[in-house]
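The structure appears below as structure tokens.
The values are calculated or read from the model by the stated rules, or taken from the named source; none is laboratory data. Just so we're clear, the structure is a prediction, and the values are computed from it rather than from any experiment. Cβ: placed from backbone, ideal geometry, glycine included. Neighbour counts: every protein chain shown.
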Amino acid sequence: MPERISFHDQIKRNKIKSVLLIFIIFVVFVVLGYVISYGFTPEYFFSIMIISIIISIGYILISYYKSDKIALASVRAKPASRTEHRQFYHSVESMCLASGMPMPKLYIMENEQINAFATGRDPKRSVICVTTGALKKLNKQELEGVIAHELSHVANYDIRFMTLTAVLVGMIAIFSQLFLRSLWFRGGSSRNNRGNMIIMLIGIALAIIAPIIVKLVQLAISRKREYAADASGVKFTRYPKGLADALKKISEEHPSEQTKKDVNKAIAPLFISDPFKRKIKGLFSTHPPLIERIKILERM
């Protein structure tokens, strides 16, 4: 029989791994900047860095403060009705009591597929949206498991955490592009003419590779936050079978043409599972495999 897993240990491990991964992104940014600085005068180097930071942070701040409105508008979600969606309201209220969190705003997305997502920059400004398919196909325990998972994203400040990650990733991507484009205008010259050619070549290689590396790390962080939300959800419900059974039902579904029309790929990572059921696995996936999540939940 497999060894039992403590959800407290699972939460702790995933949080540590997430912090370590974001540290890797920061290290890549520092190394990239350090190497490139050898090929340019300090003034030129810092100009590129400042521009990349301003553009990246400006773009991310707009997304951060408008994330809930952008996500809800993109799927044409509507506010949930307390009378028509009574079970949804009762389940969320129960989970809020269990977790000690404030009541989020509730929305419904017209879609037959079982899915849900949470957004909002903090617990006081949070939103939970579920599909009509989830309300129809999930029983009380399964729906509570899904809601507990989404509340966990809010409780763990995942939107804020992923925004920080996006800022660093965006800075590296913009910084790399500005550096590579600037080479065309400088005609390949460097601070010591050809003396730093090797360093310059390393800088060019890093500028090309770094955005790919940090994007993979960002996806890894996204997967770890899903595992953490599963474990935190169990902490709220004390019933891992509910979420596990919901994920089993999700794994048996196939995306419809309507789903492909209704969901913008940019917000797909917000959902409890990939709404497109893309066959991308491993390093390039936004979500961990459902079968792995189910196995971990069954051992709690």
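Taking the stretch 123-135 as the range and being of a type in the set (Lys, Arg) and without any contact (Cβ under 8 Å) to a residue 24 or more places away in the chain as the test, only Lys124 passes. Tell me, please, whether a residue that is touching a Lys or Arg at 6+ places or on another chain (Cβ under 9 Å), at pLDDT 95 or above, surrounded by 21 or more Cβ atoms within 10 Å (Cβ to Cβ) and not hydrophobic (A, V, I, L, M, F, W, C) can be found in the stretch 80-91. Taking every residue of the stretch 80-91 in turn, none turns out to be touching a Lys or Arg at 6+ places or on another chain (Cβ under 9 Å), at pLDDT 95 or above, surrounded by 21 or more Cβ atoms within 10 Å (Cβ to Cβ) and not hydrophobic (A, V, I, L, M, F, W, C). When each of Lys248, Lys277, Lys265 is tested for being without any contact (Cβ under 8 Å) to a residue 60 or more places away in the chain and in contact with a His (Cβ under 7 Å, 6 or more places away or on another chain), the lone residue that passes is Lys277.
Of all the numbered requirements in (1) free of Cβ contacts under 8 Å to residues at least 24 places away in the same chain; (2) not in a helix (DSSP H, G or I), Ile209 misses one, and that requirement is (2).
Just need a number here: residues in the stretch 115-137 that are in contact with a strand residue (DSSP E or B) (Cβ under 7 Å, 6 or more places away or on another chain), under 14 Å from Met95 (Cβ atoms) and not small (Gly, Ala, Ser). Before the answer, list the steps.
Let us first name the residues in the stretch 115-137 that are in contact with a strand residue (DSSP E or B) (Cβ under 7 Å, 6 or more places away or on another chain), namely 115-120, 126-132, 134.
Checking the rest, the ones that are also under 14 Å from Met95 (Cβ atoms) come to 116, 118, 126, 128, 130.
Among the residues that remain, those that are also not small (Gly, Ala, Ser) are: 128, 130.
Count: 2.
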